[in-house]
Amino acid sequence: MSEIYNQCLASANYIKNIIDAEGAIGIVLGSGLGELANEIENPTIINYADIPNFPTTTVAGHDGKLIFGTINQTKVLCMKGRFHYYEGHTMNTVVLPVRVMKVLGIKALILTNAAGGVNRTFKPGTLMLIDDFINFMGDNPLVGQNIDEFGPRFPDMTYAINKDYSMVAKEVASDLGIDLRNGVYMGFKGPNYESPAEIHMAEVVGASAVGMSTVPEIIAARHCDLPVIGISCITNLAAGITGEALSHEEVQEAADMVKEDFKKLVKAIVNRIG
Ligand code: HPA
């Protein structure tokens, strides 16, 4: 058995002794979007620091907790705080929680993030459903010996993003009167925000938004056949588009602005797919 698979089992076994997440909807909360965790009913909180093989997070605005509970009777397992490649974690660590959720038996995974808008019709506060992705991170969580327990050596990415659940997300958004846009998310390594020339390149190659997370998690989820969808909260127009300098504070303020719609949307998606 591969060492990485063993690590996932050890993390999952620890969690299984506390909660039963079988059939739950997994949610990864992005930068500044952590408030959704406060709406989980009957929460059981597990600190990452207590889970074997989980590192602790280092980014301001990112907690390090798993929160298990329900949203209108639907079981959810929510990650408040994720592991980023730019923190110096290996790709295997970045995707460890996704794989652990798979072992725990979750039904589907909703990945969320804060992202810079490349599509010029986006504004701070736009919500974007991730239709597809570009891995520009210079690494990949599937590099190395394949973990056969999770999936094949050469997994398909045509259907990396689950089409049925994406359709549900669009329907739910429309019911709520939320303008959920569609687009391609391009993952950069970070931690600096991109240069204007890099954003120009992103635009030319077909990206709608850029960010520093989510791509490895989508790839790992597809590899282990875990249905996944992604929602980006556009917190700013990407570098060079408006000419303004970017700051982490601005990103957090914009996430704050859209959080009510974001929470409504994710809760409604959970209730439909749960
Ligand atoms: N670039 C990369 N990541 C981001 C951005 C951005 O402009 N905004 C929020 N996360």
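The values are calculated or read from the model by the stated rules, or taken from the named source; none is laboratory data. Everything numeric here is computed off the predicted structure, so don't read it as measured data. Cβ sites come from the backbone with ideal geometry, for glycine too, and all protein chains shown count toward neighbours. Surface areas here come from the heavy atoms of the whole protein model, side chains and all, with no ligands, DNA or RNA. Shrake-Rupley method; radii C 1.70, N 1.55, O 1.52, S 1.80 Å.
Looking at the range 198-207, is at least one residue touching a helix residue (DSSP H, G or I) at 6+ places or on another chain (Cβ under 8 Å) and farther than 24 Å from ASN72 by Cβ? Taking every residue of the range 198-207 in turn, none turns out to be touching a helix residue (DSSP H, G or I) at 6+ places or on another chain (Cβ under 8 Å) and farther than 24 Å from ASN72 by Cβ. Test ALA207 against the stated conditions and say whether it is assigned to a loop (DSSP other than H, G, I, E, B), buried (at least 22 other Cβ atoms within 10 Å of the Cβ) and within 18 Å of the chain's Cα centre (by Cα). In short, yes.
Just one of the listed residues (TYR165, TYR159) is away from the ligand (no atom under 16 Å from the Cβ), within 18 Å of the chain's Cα centre (by Cα) and open to solvent by 70 Å² or more (accessible area, probe 1.4 Å), and it is TYR159.
Are any residues in the range 51-72 surrounded by fewer than 15 Cβ atoms within 10 Å (Cβ to Cβ) and modelled with pLDDT of 95 or more, and if so, which ones?
Of the range 51-72, the ones surrounded by fewer than 15 Cβ atoms within 10 Å (Cβ to Cβ) are 52, 56, 58, 60, 72.
PRO52 - this is the single residue of the range 51-72 that is surrounded by fewer than 15 Cβ atoms within 10 Å (Cβ to Cβ) and modelled with pLDDT of 95 or more.
Residue pairs whose Cβ atoms lie under 7 Å apart, sitting 6 or more positions apart in sequence or on different chains, and linking a residue in the range 179-199 that is in contact (Cβ under 8 Å) with a residue 40 or more places away in the chain and assigned to a helix (DSSP H, G or I) to a partner that is open to solvent by 20 Å² or more (accessible area, probe 1.4 Å) and within 11 Å of the ligand (Cβ to nearest atom), are PRO196/GLY240; ILE199/GLY240; ILE199/ILE241.
Take the residues in the range 30-49 that are at pLDDT 95 or above and part of a strand (DSSP E or B), then tell me which one is farthest from the ligand (Cβ to nearest atom). Let's see the steps before the verdict.
Step one: list which residues in the range 30-49 are at pLDDT 95 or above, which gives 40-46.
Cutting the leftovers down to part of a strand (DSSP E or B) gives us 41-46.
Details: GLU41: 30, ASN42: 32, PRO43: 27, THR44: 30, ILE45: 26, ILE46: 27 Å.
Once the filter is applied, the top-ranked residue is ASN42.
Listed conditions (1) closer than 21 Å to GLY230 by Cα; (2) within 16 Å of the ligand (Cβ to nearest atom); (3) not aromatic (Phe, Trp, Tyr) are all met by ASN192, apart from (1).
Return the residues of the range 117-151 that are within 23 Å of ALA220 (Cα to Cα), polar (S, T, N, Q) and open to solvent by 60 Å² or more (accessible area, probe 1.4 Å); say none if nothing qualifies.
Pass one, the range 117-151, residues within 23 Å of ALA220 (Cα to Cα): 128-151.
Among the residues that remain, those that are also polar (S, T, N, Q) are: 135, 140, 145-146.
Within the range 117-151, GLN145 is the sole residue that qualifies.
Would you check if ASN92 is closer than 20 Å to ASP148 by Cα and at pLDDT 95 or above? Lay out the reasoning, then the answer.
Numbers: closer than 20 Å to ASP148 by Cα: yes; at pLDDT 95 or above: yes.
Yes, satisfied.
Considering only residues in the range 221-255 that are in contact with a helix residue (DSSP H, G or I) (Cβ under 9 Å, 6 or more places away or on another chain) and charged (D, E, K, R), the one that is nearest to the ligand (Cβ to nearest atom) turns out to be GLU244. Search the range 230-248 for residues that are under 10 Å from PHE122 (Cβ atoms) and open to solvent by 40 Å² or more (accessible area, probe 1.4 Å) and pair each with any residue that is assigned to a loop (DSSP other than H, G, I, E, B) and more than 8 Å from the ligand (Cβ to nearest atom) when their beta-carbon atoms are under 9 Å apart and the residues are at least 6 apart or on different chains. Going by the 9 Å Cβ cut-off, there are no qualifying pairs. Pairs meeting the criteria (first residue in the range 33-55 and at positive phi, second residue surrounded by fewer than 16 Cβ atoms within 10 Å (Cβ to Cβ) and of a type outside the set (A, V, I, L, M, F, W, C), beta carbons under 9 Å, at least 6 apart or on different chains) are ASN42/THR70.
Scanning the range 69-105 for residues that are in contact with a Ser or Thr (Cβ under 7 Å, 6 or more places away or on another chain) and of a type in the set (D, E, K, R) yields ARG82, GLU87.
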